[in-house]
Amino acid sequence: MAASSSSCSLLCFLSLLSLLTLISSTTIPISHFHKYPLPLPYQNLNYLASSSLTRAHHLKNPQPTTTTTTPIFSHSYGAYSISLSFGNPSQTLPFLLDTGSDFTWFPCTHHYRCDNCSFSSSTTNPHRSPILPFIPKLSSSSKILGCLNPKCSWIHRSNTQCNDCKQSSNNCTQICPPYLILYGSGSTGGIALSETLNLPNNTVHDFLVGCSVFSSFQPAGIVGFGRGLLSLPSQLGLSKFSFCFLSHHLDETTANSSLVLDKSSKKSQGLNLSYTDFVKNPKLADKPAFSVYYYVALRHISVGGQRVKVPYRYLSPQLDGSGGTIVDSGTTFTFMSREVFELVAAEFRRQVKKQVRAVGVEAMTGLRPCFNVSKEMKTVSFPELRFHFKGGAEMALPLENIFAMAWEDEKRSGGVVCLTVVTDGVAGERELVGGPSIILGNFQMQNFHVEFDLRNDRFGFRRQQSCN
């Protein structure tokens, strides 16, 4: 991993800050993050499956460092992005929207280095970032965060060391220590800034944002929408935010939906959403990252109307911090702990008896079960997957949110469909324990309008024909 705290010397050009506040409601376009597509469907599915599993491993077992206890993680494939403008004058950058973390950072300075970030097989420079970085010296409102600034402790919690300030705290010029964040398949590091955030109809000054000078496997910055103090919803004082998960059929298009940031105290009217309460993980002292996640009270799972007998210890957070279900915009394919997955997959196999298993495709994609289908088949029937939440809310998933198609050839004369749920390891391998047992990913919530109601501590959703 390429990382060095001396990289902060690249930021010595930074200067000072100003400006305003957010009003009741702001709307921002949300879209898929544009990527370099892999040439074959099997390769795309394999990447989505492996990246979803890598992210799940990190969310289940986030690794703290000496500089931060909050993880940041995302991937270019299967992600959703928004554009945000920082600085004076404004510089606009794309950010991956992540409800599984609470820190916002952008690629920063002319010296920004990113290893393995373009995902392009034809690139001649593996360190070149696919996007332009933020340039602090071009912004009159950029200010390095001081070590004694209370927001510095948001990043480093109790680990903040301001040794240079002990003798002269009133005139201390020590900066907030650089952050170095490690996660599933990459890293990012840099220094914290206070900067102006320019929203479509509002300006927010003194917004805490990370100026990353190096990253690996990060094609863009990340905007954290988790539950922590660092998150955008917390810094803006939002009562709720909502958006619609665009269909992945619209990847690489200009289609977009709206991210709504709301500070009003009114409950949503006329949206006809189904709601379930957020729940807390009781084990937060050892794993503070768990407090950032949006846990929901899942009661049971059904396949084709048949209830899957999932042990309760997987459905609800336990005293040791394991178990429970979280909603995560940064995960593509839903993750289930092995015992849960095997029970669900077995019920699919039992109900889909007429289709032949495509074992070879399962090996290539990392997904299972996969079934052969062809145009010659007059009817192909697959069961519905449904999540049942506390309070009676039910999320019934259409087939396009459950299975992914992988055509056998360019003529699309035949193909294979695979269940888009991943698990850790296979029979005989050690299972990763701890953390959430089920991570509800964005593929399963395509064309669902979702609302994170922070004031009333609940999650709302509604299926739509389309998001755009």
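Trp154 exposes around 70 Å² of accessible area when a 1.4 Å probe is run over every protein chain in place.
Taken along the Cα-to-beta-carbon direction at a fixed 7 Å, the label points for Ala255 and Gln43 span 2.4 nm. For segment 319-353, the list of GluC sites (Glu not before Pro) that fall in a loop by DSSP and count at most 15 other C-beta atoms within 10 angstrom is empty.
Compute the distance from the alpha-carbon center of segment 85-105 to that of segment 328-370, in whole Å. If we compute the Cα centre of each part, the gap is 35 Å. The heavy atoms of Lys283 present about 70 square angstrom of accessible area, all protein chains included, probe 1.4 Å. Sorting Lys143, Lys151, Lys280 by accessible area puts them as Lys280, Lys143, Lys151; the probe is 1.4 Å, largest comes first, and only protein heavy atoms count. Taking the charge dipole of segment 274-463 about its Cα centre, with +1 at Lys and Arg Cβ atoms and -1 at Asp and Glu Cβ atoms, the residue from Ser291, Gln355, Thr334 reaching farthest to the positive side is Gln355.
Each peptide in 134-142, 48-56 was scored by the mean count of other Cβ atoms within 10 Å over its residues; highest first, the order is 48-56, 134-142.
Less than 5 angstrom separates the built amide H of Asp98 from those of Val223, Phe225, all sequence-distant by 5 or more or on a different chain.
Taking only protein heavy atoms and a 1.4 Å probe, the accessible area of segment 179-281 is 50% carbon and sulfur. Please report how far the C-alpha centroid of segment 444-468 lies from that of segment 256-304, rounded to the nearest whole angstrom. Cα centroid of segment 444-468 versus Cα centroid of segment 256-304: 9 Å apart. For the pair His300 and Met405, a Förster radius of 35 Å applied to the C-beta separation gives a FRET efficiency near 0.80, rounded to the nearest 0.05.
When Rg and the Kirkwood Rh are both derived from Cα coordinates, the Rg/Rh ratio for segment 274-463 amounts to 0.99.
Taking segment 289-334, how much of its Cα-Cα pair set, in percent, is spaced more than 16 angstrom apart? Value for segment 289-334 (Cα pairs over 16 Å): 47 percent. Charge tally for Arg462 (other residues, Cβ to Cβ under 12 Å; Lys, Arg +1; Asp, Glu -1): -1. With 21 Å as the limit, the listed pairs Lys309/Lys390; Lys309/Lys354; Lys60/Lys267 have Lys309/Lys354; Lys60/Lys267 beyond it between alpha carbons.
The values are calculated or read from the model by the stated rules, or taken from the named source; none is laboratory data. These figures come from a predicted structure and were not determined experimentally. Neighbour counts run over all protein chains shown; Cβ positions are idealised from the backbone, glycine included. Side chains are part of the model used for accessible areas, which takes the heavy atoms of the whole protein and leaves out ligands, DNA and RNA. Shrake-Rupley method; radii C 1.70, N 1.55, O 1.52, S 1.80 Å.
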